[in-house]
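Working notes, structure below.
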Amino acid sequence: MEVKIGIHSVPRELVVETDTSAEEVERLLSAALEKGEHAVFALSVAKGGRVLVPADKIAYVEFGGPEARRVGFGNIVLRPARVTSCSCYVLRSSAGPDRELEPALVLWITTDQGMT
C-alpha cells in the first residue's frame with residue numbers, strides 16, 4: 001500500500017510503499033499523535049527498513065487499499081483485457097515529392113475496455 005505523508009514546512013510529500021495494513025497505519029499514527037510533542041511516527045517500508053517522522057510535524061497522512069500493479073513511471077495500470085476485434089491496415093505516405101512511399105503498419109484493437 002502506498003502511504004503519502006505531508007510534513008510541515010517541507011514542500012514535497014514523503015511517499016512510502018508499505019506492507020502494513022490501513023488499519024495498522026491509522027493505529028500507529030493515532031498512538032504517535034496521542035503521545036505528545038516528542039513522539040515519533042514509525043512505519044515499516046516494503047523493501048525493508050523503517051521511516052521515522054516526528055509526529056508533531058505531520059500535516060497529513062494519505063493512504064488507501066491495495067492498488068493494481070503499476071508499470072513504468074507509475075502512470076500505466078495493468079488490467080486484464082479481452083480482445084474483441086482487431087483490424088490491420090498498411091498505409092503508404094510520402095515525405096516529399098522526390099521520395100518513395102513509406103509503408104506504415106496500423107493496428108486497431110478493440111478490447112472489452114475500449115479502443116487502444
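Any read-out appearing in this document is the output of simple, stated calculations on the displayed coordinates, not a laboratory observation. Since we're looking at a predicted model, the values are computed, not measured. Quick reminder, even Gly has a Cβ in these numbers, built from the backbone with ideal geometry, and neighbours come from all protein chains shown.
Structural remarks
- Gain on full extension, evaluated as 0.36 nm per residue between residue 26 and residue 2 minus their Cα-Cα distance, stands at 7.3 nm.
- The listed peptides 10-16, 51-57, ordered by packing as a protection proxy, come out as 51-57, 10-16 (highest mean of other Cβ atoms within 10 Å first).
- Positive minus negative residues near residue 49 (Lys, Arg vs Asp, Glu; Cβ under 15 Å): 0
- Amide H within-cut-off set for residue 45, under 5 Å, with H built and near neighbours excluded: 50, 51
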